[in-house]
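Structure, as structure tokens:
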Amino acid sequence: MPEGPPTGGRAHRDLERYAGLFASRTRVMKSSAMRDLMAITERPEVISLAGGLPDTSTFPAERLASIMSKVAADSSAKALQYAPTEGMSAVADCIAQVMAEEDTVIDPSDVLVTTGGQQVIDLVCKTLIDPGDVIIAEAPTYPGAVPAFTAYQADVVQIEMDSDGMRIDEMEEALERLEREGRRPKFIYTIPNFQNPAGVTMSLPRRRRLVEVARERELLVLEDNPYGLLRYEGDPLPTLRSLDGGAFVIYLGTFSKILSPGLRLGWAVAPVPVLQKMNLGKQESDLCSSSLSQMFVTQYFAEGHWQDYVLSLRDVYRRRRDTMLDALAEHFPAEATWTHPQGGLFVWATLPDYIDTTDLLALALQSNVAFVPGRAAYLDGRGGSSMRLNFSGVDEHAIREGIRRIGEVVREQVGLFATITSRPQSGQAPMSAPEPAAIDQELADVLHLPKRDKRERRAE
Amino acid sequence: MSRVAVLKGGRSLERQVSLKSGARVEDALERLGHDVVGIDVGHDLVSRLRDVRPEAAFICLHGRDGEDGTVQELLEIVGVPYTGSGVSACMRCADKVVAKHALRDAGLPTPDFFAFSEMAFKQLGAADTLPAIEERLGFPVVVKPADQGSALGIRFAPDAGAVPAALVAAFSYSQKVLLERAIDGRELAVSILADEPLPIVEAIPLGEDFYDFEARYEIGRTDFACPAQLDDDATARVQQLALEAHRLLGCRGLSRVDLMLDADGKPWILEANTVPGMTETSLLPQAADAAGIDFDALVARILQGAS
């Protein structure tokens with residue numbers, strides 16, 4: 001039996017005791033049926049294509065051990081100490097190397113080292129967004145950005161994409177419209193390479209035009225580029241940062257997909273006045289990112305093999321992507337479409353509009369397979385017949401089997417719909433647009449972060 | 001002081017809500033001085049019950065297995081007294097179609113409806129009846145899975161064109177679906193405790209689309225008024241009707257009866273829930289609170305009714 005002060009035992013679960021203390025902004029952190037569904041995807045017997053995790057299993061354990069020992073032996077005091085808010089300069093040099101790999105030349109002193117790329121999104125919102133300010137984003141957009149945008153009470157306008165990425169012409173129309181309405185867009189959020197969740201890549205002409213528009217209108221662009229180096233086919237395209245030269249682009253990078261998300265290290269490169277504000281914001285958030293992680297990265301890069309590991313990841317993920325695309329072609333019905341990502345971690349599949357992928361997920365879970373329903377990537381209730389499929393987190397066998405199972409339930413629904421609609425009809429009304437359903441603003445957990453083990457789990 | 005097993009979690013789609021209900025109930029039982037064992041219900045349920053040998057099981061399972069009589073049946077066999085309704089009442093209430101037939105047969109008001117199994121569409125040409133059904137029920141029509149406890153899979157079809165997709169959605173959750181006449185009006189819930197109706201809770205959507213079911217169950221998008229702003233006469237009628245439904249369906253100890261009050265002031269019973277939620281935003285605890293029964297007292301009363 002638990003003993004001791006009331007902080008032990010189960011008191012921490014006693015939510016209602018604290019309910020009166022919560023800030024009103026926590027009201028958007030809601031629970032919903034869709035969230036409850038997503039929670040079920042964590043059952044061990046479920047093949048989850050819903051996550052967004054890189055595969056960290058191929059990183060050699062002895063290498064991890066030797067880097068850690070080296071850091072401990074050579075720089076123990078420094079690794080255990082606070083770091084500067086902007087990050088250690090040695091890490092900024094590593095970051096400059098990574099960005100040079102995509103032909104993007106920066107001054108390491110323009111770098112802010114952050115706690116994962118996610119912190120950049122938070123800091124940019126914190127720095128730029130007053131309640132009601134407009135953020136332009138892609139449709140669909142990164143589900144993990146949605147809660148950040150919502151928490152800062154931004155008004156998000158989502159712009160359609162096609163196989164060449166965001167429709168810049170539509171974006172310009174939206175900007176015109178907003179200007180007429182006197183609404184103020186603060187920044188344009190885009191993932192130009194192998195977009196999460198859509199898997200498409202912005203074409204060069206659109207990149208050029210986007211940068212021009214930003215300059216003409218003096219708008220900032222947040223270029224989120226976690227997957228740029230994970231290209232499996234085609235020629236690399238210049239980053240927006242390199243096209244713009246740094247006047248209106250805030251660049252977001254991360255070590256999560258090229259090394260490890262467990263390090264929690266990302267970065268921002270931004271125009272100096274913006275960077276200074278973000279630096280202040282970071283100071284009040286967490287003072288600095290982990291020194292230990294920064295020392296680890298420094299040592300890892302000093303050994304000079306970081307590109308080899310990226311190459312090995314590319315091989316693994318390319319095979320998995322191909323497996324997924326083959327499986328989709330084999331198991332999905334003719335009515336379905338999906339993107340062909342040239343890199344990254346995700347395929348975006350779209351089903352006939354009478355299928356709702358949130359409902360489909362409930363059915364799929366009975367077959368022990370999961371994906372992210374498309375609605376998680378929209379703030380306006382769209383995306384109801386789409387789904388995000390991840391191919392980096394599970395092996396080829398699981399990908400093949402997972403897609404087969406999803407294909408089976410999709411075919412079931414297609415068949416049922418055909419049966420229902422084959423009735424003799426007099427004056428059947430045209431298909432109604434699907435009703436916008438509730439969006440889940442706390443789907444950051446589509447990432448399916450690993451759970452703490454039982455002994456550690458105290459604060460839940 | 002006695003040993004109480006709190007049954008929670010399980011494999012239903014409402015697992016998360018159930019875990020929250022269960023956690024709160026465990027806290028309350030501990031404060032009441034019981035020896036509490038939480039059991040996340042899985043394949044080892046029976047052996048856990050035999051190991052733990054509880055004097056009572058407090059059921060906090062929602063949806064499939066926990067609310068449909070399955071777990072209750074196991075408890076009967078193992079010989080552990082449990083809270084709430086027995087097997088047959090659970091089976092009746094978990095299947096909205098069965099419950100609505102019972103209500104209609106007894107002359108209690110429930111919105112007009114028709115129900116189908118997936119097989120009826122696939123093998124018996126049920127689709128041919130849709131135009132006639134739509135004519136009888138009018139639009140919008142509500143399409144619901146027969147045995148899904150939460151808002152998942154419930155759709156309003158504003159016209160005939162929207163019915164097939166709504167059916168496909170509902171069949172994602174259940175082998176059987178119902179099409180029900182939509183009642184335009186106020187949404188009320190009457191919780192019954194120890195066979196007495198508690199103050200009525202009204203769910204008031206906050207400027208959202210009325211037809212967005214999910215929104216109505218989310219914090220911040222729905223306001224709950226308790227007691228609902230109704231005159232004494234209406235309150236008494238609604239409570240009496242809920243109690244009649246509770247008795248008719250054979251519920252024991254506690255239940256929550258959901259109703260609509262139409263523009264003419266006529267109440268319509270939608271369904272009865274045998275294991276109402278016990279989370280911080282759930283309606284039964286709100287109603288009990290309005291009756292001056294705090295959460296611990298509520299839990300104590302429910303446990304008292306275990307048999």
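Results for (1) surrounded by 24 or more Cβ atoms within 10 Å (Cβ to Cβ); (2) within 23 Å of A:Val71 (Cα to Cα), shown as yes or no for each residue.
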position: A:Ala83; (1), (2): no, yes
position: A:Met88; (1), (2): no, yes
position: A:Gln97; (1), (2): no, yes
position: A:Thr104; (1), (2): no, no
position: A:Asp110; (1), (2): no, no
position: A:Val113; (1), (2): yes, yes
position: A:Gln119; (1), (2): yes, no
position: A:Leu128; (1), (2): no, no
position: A:Asp133; (1), (2): no, no
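Please return the ranges of strands (runs of 3 or more DSSP E) entirely within region B:64-167 where 1 or more residues are more than 14 Å from every other protein chain (Cβ to nearest Cβ) and under 25 Å from the mean Cα position of the chain (by Cα). Fully inside region B:64-167 and qualifying: B:113-117.
When A:Thr357, A:Thr337 are checked against the criterion of being without any contact (Cβ under 8 Å) to a residue 40 or more places away in the chain, within 14 Å of chain B (Cβ to nearest Cβ) and of a type outside the set (D, E, K, R), A:Thr357 stands alone in meeting it. Of all residues in region B:267-302, those satisfying the criterion of being part of a helix (DSSP H, G or I), surrounded by fewer than 22 Cβ atoms within 10 Å (Cβ to Cβ) and modelled with pLDDT of 95 or more are B:Phe295, B:Asp296, B:Ala297, B:Ala300, B:Arg301. Does A:Gln153 qualify as being in a loop (DSSP other than H, G, I, E, B), under 21 Å from the mean Cα position of the chain (by Cα), farther than 19 Å from A:Ala270 by Cα and in contact (Cβ under 8 Å) with a residue 24 or more places away in the chain? Judged against the criteria, A:Gln153 is a match. Among the residues of region B:13-51, write down those that are surrounded by 16 or more Cβ atoms within 10 Å (Cβ to Cβ), outside any loop (DSSP other than H, G, I, E, B), away from every other protein chain (no Cβ under 12 Å) and of a type in the set (A, V, I, L, M, F, W, C). Across region B:13-51, the qualifying residues are B:Ile39, B:Leu45, B:Leu49. Taken together, A:Leu259, A:Leu263, A:Leu292, A:Leu287 contain a single residue that is outside the structural domain of A:Gln342 (by TED's automatic domain parsing) and at positive phi, which is A:Leu287. Is it true that some residue in region A:355-374 is in contact with a Phe, Trp or Tyr (Cβ under 6 Å, 6 or more places away or on another chain), crowded, with 18+ Cβ neighbours inside 10 Å, part of a loop (DSSP other than H, G, I, E, B) and modelled with pLDDT of 95 or more? No, region A:355-374 has no match at all.
Just one of the listed residues (A:Leu311, A:Leu345, A:Leu328, A:Leu351) is within 14 Å of chain B (Cβ to nearest Cβ), at pLDDT 95 or above and out of contact with any Leu (no Cβ under 6 Å at 6 or more places or on another chain), and it is A:Leu351. Checking each residue in region B:168-193 for being within 7 Å of chain A (Cβ to nearest Cβ) and touching a residue at least 12 places away in the same chain (Cβ under 8 Å) picks out B:Ala169, B:Phe171, B:Ser172, B:Tyr173. What are the residues in region A:45-89 that are among the aliphatic types (A, V, I, L, M), over 30 Å from A:Phe346 (Cα atoms) and in a helix (DSSP H, G or I), if any? Those that are among the aliphatic types (A, V, I, L, M), over 30 Å from A:Phe346 (Cα atoms) and in a helix (DSSP H, G or I): A:Ala65, A:Ile67, A:Met68, A:Val71, A:Ala72, A:Ala73, A:Ala77, A:Ala79. Considering A:Leu328, A:Leu311, the condition of being free of Cβ contacts under 8 Å to residues at least 40 places away in the same chain, in a helix (DSSP H, G or I) and not polar (S, T, N, Q) is satisfied by A:Leu311 alone.
The values are calculated or read from the model by the stated rules, or taken from the named source; none is laboratory data. Bear in mind that the values here come from a model prediction, so they are computed numbers and not experimental data. Methodologically, a virtual Cβ is constructed for each residue, glycine included, from the backbone with ideal geometry; neighbour enumeration extends over all protein chains shown.
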